[in-house]
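Below: the structure, in structure tokens.
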Amino acid sequence: MSKKDSVNFIAAIHEPGIMMKHAAAPIIIGMTMALEELLRLFGINQVQLALLFVLSTFLIACCTTSYIVNLSAAIINAFLYDFFVTAPRMGFSFTLGLPITLFIMLIVSVITSATTTKIKEQMSLAIELRQVAEERTQTRMMAEREKTRSNLLRAISHDLRTPLTGILSASSIMAERTKDPLAVDIRTDAEWLIQMVENLLMVTRISDEKSRITKKDEPAEEVMAKAAATVRKRFPNCSIRVKAPDDLIIVPMDAMLMSQVFINLLENAVKHSSTDKAILFELHLEGRCAYFTVSDYGNGLSEELLDNLFGQHPIGNGKPVDSVSGMGLGLSICKTIVNAHNGTIRGENKKEGGALFTVCLTLNIGMDDK
Amino acid sequence: MTNKILIIEDDKKISSYISTILSINGYETLQAYTGEMGISLAASQVPLLILLDLGLPNMDGIEVLKHIREWSDVPVIVLSSRQNEKDKVEALDSGANDYVTKPFGNGELLARIRSAIRIDNRIKNSGGGAVFENGNLQIDYEKRLVRINDKQIHFTPIEYKIIVLLSQNAGKVMTYDQIINQLWGPYSYDSQILRVNVANIRRKIEENPADPQYIITEIGVGYRMTE
């Protein structure tokens, strides 16, 4: 038995339950009496029988914490001894013997009882302390694991981002100096890669911490404006129309993450719509939901895209890298972020042609919407 | 008038790329790879502007900034990585003039540098005129009037204070805290009042509040009025 097991065992003996505790005393006394009569028949003399009663008192004090029960048992045992064992048998002898017996019984009972109580207290304290220590170790281990994980993520992100930034800077300088289309391509791909790395790291953080994102109340139109502005910077020739209701709509969200979602959707629309008609980025309220829609007038989504719009696309299925995986990876990241907000995201083709993506986020519960 | 820009960045490759971009565009550059080196170069060379990387290894970028701010008003643009939103705001509240997020495009970096220098000159030389104009927006400080397309718009006192503050710092990003401190004192926490007020201002002066031309929101940081 390990130390823990023996501690638990001893604790179990001393904690038989309230009813049993108080029943133990009469049971033990009864057993003692029965044993006494039996031993008398075998001719055991007074002295040994005395020890039997002392033992009985001791055992009762071990089992019960109540002083009343213990002291009563001690007194009863003393009188029983005097009555049944000492001369005259079946009668009390009020000689000096009885008080001495009584006195000894009482002392035995009290000391044993006190000691037992003390032991029980200390053991339950030890058990409690061990539990607290275990909990603390667990918490500390979890915190350390979190720290290791975030340090790892930070290191990876730094290691990936630094050379990417270098590639981006160098290709930008070359593109500016020489206008070489190869340099421009390198710069474009580098920008895309950096965007993906940032998105992936963000998503890893979300899924690791079990969708724990911090939502803050943000004016929806500000997040929309920022997303549109960012996309316009990268694609100066695109045209995006942003529409929000006259009333100020406040939506609880992580602004950085949700603007990433909107940027992703808008960029997809810009890259794949291939027409000059403006992309419409709109917000409208319905009940307790804020619906953000991105709709374009391009070619729409193909059948196979629609099948698995937000899942991961297998690489190397023969499609050119840019068209499918560019859209796919970004969309699955969008879905992760929106799910972490307890929202929904949907993609479909419009009857008039073109694709329509809808993101729904819930507004604050129980707040007055002005 | 000095033309030197001090680059405090520990990554030598990035530092030399930035230096190249700046040289192409007519600036002289100084490169410091540690905070201490940066501080001493700032003191001895008195540059026109400082580019400060927040992710310095030995000395915290914010510390370097506070150190320099003790004796100099030189425009400082901080370079932050995207994961550190809070650092950006802290840097701005500690005296940085603007921020650029790594990785940045050359155009963006140059634009911010030019903007910071221009604003710095404006504050030093004229201290702002009696009238602010940007596109169709006109603010007359003396008469306390705001006009859009020559039509006068009514502003509440708080709204007027906000728009004046932003216009006096046009081109520069002001953090929520900075604006709140100036308008409501240092003890209010709630940025909601500010957000609602700015949203109302937008509805009065912007053609499309969801697509602002005059007051740009820097998500998580603050507001910037365009010049």
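The values are calculated or read from the model by the stated rules, or taken from the named source; none is laboratory data. Not measured: the values here are computed from a predicted model. For neighbour counting, all protein chains shown are included, and Cβ atoms are generated from backbone atoms with ideal geometry for every residue, glycine included. For the accessible areas, the whole protein counts, side chains as well, though only heavy atoms, and no ligand, DNA or RNA atoms are used. Shrake-Rupley method; radii C 1.70, N 1.55, O 1.52, S 1.80 Å.
Across the stretch B:161-176, the residues whose backbone nitrogen lies under 14 Å from the label position 7 Å along the beta-carbon direction of B:Asn200 are B:161-163.
Can you tell me, using C-alpha contacts under 8 Å and at least 6 residues apart, the relative contact order of chain B as a whole percent? About 13 percent, as a whole number.
Applying the Karplus relation 6.51 cos²θ - 1.76 cosθ + 1.60 with θ = phi - 60° to the stretch A:336-347 yields 3J(HN,Hα) values of 4, 5, 5, 4, 4, 8, 6, x, 10, 9, 9, x Hz, where x marks Gly and Pro.
Average accessible surface for chain B: 45 Å² per residue, computed with a 1.4 Å probe over protein heavy atoms with every protein chain in place.
For the stretch B:92-227, the tally of Lys pairs with Cα-Cα distances below 20 Å comes to 9, considering only residues 8 or more apart or on different chains.
Note on the stretch B:12-87: Rg/Rh from Cα positions, Kirkwood definition for Rh, rounded to two decimals, is 0.94. Coupling constants for the stretch A:67-81 follow from the phi torsions by the Karplus curve (6.51 cos²θ - 1.76 cosθ + 1.60, θ = phi - 60°), and in residue order they are 5, 4, 4, 4, 5, 4, 4, 4, 5, 4, 4, 4, 5, 4, 4 Hz; glycine and proline get x.
How long are the semi-axes of the equivalent ellipsoid of the stretch B:106-227, defined as square roots of 5 times the Cα gyration tensor eigenvalues? Whole Å, largest first.
They are 21, 19, 16 Å, listed from largest to smallest.
Take the Cβ-Cβ distance between A:Cys289 and A:Lys350 as r, set R0 to 30 Å, and report the resulting FRET efficiency rounded to the nearest 0.05.
The computed FRET efficiency comes out at 0.90.
Scanning residues 5 or more positions from B:Lys172 or on other chains, those with amide H under 5 Å from its amide H are B:Met225, with H placed 1.01 Å from N in the peptide plane.
Here the label points at A:Leu129 and B:Leu165, each 7 Å from Cα along the C-beta direction, are separated by 5.6 nm in the simple model.
In the stretch A:163-272, the inverse of the mean reciprocal separation of distinct Cα atoms equals 15.9 Å; this is its Kirkwood hydrodynamic radius. Here each label is just a point 7 Å from Cα along the line to Cβ, and for A:Asp159 and A:Arg234 those points are 2.6 nm apart. At a threshold of 10 Å², the residues of the stretch A:161-189 that become less accessible to a 1.4 Å probe in the full protein assembly than in their chain on its own are A:Arg161, A:Thr162, A:Pro163, A:Thr165, A:Gly166, A:Leu168, A:Ser169, A:Ala170, A:Ser172, A:Ile173, A:Glu176, A:Arg177.
Volume per residue of the convex hull around the Cα atoms, evaluated for chain B, comes out as 136 Å³. The shape of the stretch A:212-310 comes out prolate: with a ≥ b ≥ c from the C-alpha gyration tensor, a/c is at least 1.5 and a/b beats b/c.
For the stretch A:93-240, the gyration tensor built on C-alpha atoms gives a prolate shape. Its axis ratio a/c (a ≥ b ≥ c) is at least 1.5, and a/b is the larger of a/b and b/c. Pick from B:Pro47, B:Pro212, B:Pro103: which residue has the top mean-square fluctuation in a GNM of chain B where Cα pairs under 10 Å get a spring? So, out of B:Pro47, B:Pro212, B:Pro103, the one fluctuating most is B:Pro103.
Interface between chains A and B: roughly 3000 Å² of accessible area buried, both sides summed (probe 1.4 Å, protein heavy atoms only). For B:Ala32, nonlocal amide neighbours, meaning residues 5 or more places apart or on other chains whose placed amide H falls under 5 Å from its own, are B:Ile7, B:Ile8, B:Glu9.
Over the residues of the stretch A:57-99, compute the C-alpha Rg and express it relative to 2.2 N^0.38 Å.
1.29
Listed values for the stretch A:53-66 are Karplus-derived 3J(HN,Hα) couplings in whole Hz (6.51 cos²θ - 1.76 cosθ + 1.60, θ = phi - 60°), namely 5, 4, 4, 4, 4, 4, 4, 4, 5, 5, 7, 10, 8, 5, and x replaces Gly and Pro.
Most mobile of B:Ile113, B:Ile148, B:Ile24 per a Gaussian network model of chain B (Cα springs, under 10 Å)? Among B:Ile113, B:Ile148, B:Ile24, the largest mean-square fluctuation in the Gaussian network model of chain B belongs to B:Ile24. Three principal axis extents of the protein assembly as shown based on alpha-carbon atoms, in descending order, are 124, 65, 52 Å. For the stretch B:45-148, the fraction of alpha-carbon pairs lying more than 17 Å apart is 60 percent, rounded to a whole number. Between A:Ile240 and A:Ile279, the built amide H atoms are under 5 Å apart, and every one of these is 5 or more places off in sequence or on another chain. With every protein chain in place and a 1.4 angstrom probe, the accessible-area ranking of A:Glu267, A:Glu37, A:Glu352, B:Glu90, largest first, reads A:Glu352, B:Glu90, A:Glu37, A:Glu267.
Peptides A:54-62, A:162-170, A:150-158, ordered by how many other C-beta atoms sit within 10 Å of their residues on average, highest first, read A:54-62, A:162-170, A:150-158.
Of the heavy-atom accessible surface of the stretch B:1-70 (probe 1.4 angstrom), what whole percent is carbon and sulfur?
On the way: 1520 of 3050 Å².
C and S fraction of accessible area: 50 percent.
Highest-first packing order for the peptide set B:164-172, B:135-143 is B:164-172, B:135-143, based on the mean count of other beta carbon atoms within 10 Å.
Take each residue in B:208-218, count the other chain C-beta atoms within 10 Å of its C-beta, and the mean is 6.
Sorting B:Trp71, A:Trp192 by solvent-accessible area of protein heavy atoms yields B:Trp71, A:Trp192, largest first, with a 1.4 Å probe.
Treating each Cα of the stretch B:147-198 as an identical point scatterer and summing with the Debye formula, the log10 of I(q)/I(0) at q = 0.12, 0.17, 0.31 Å⁻¹ comes to -0.29, -0.55, -1.32.
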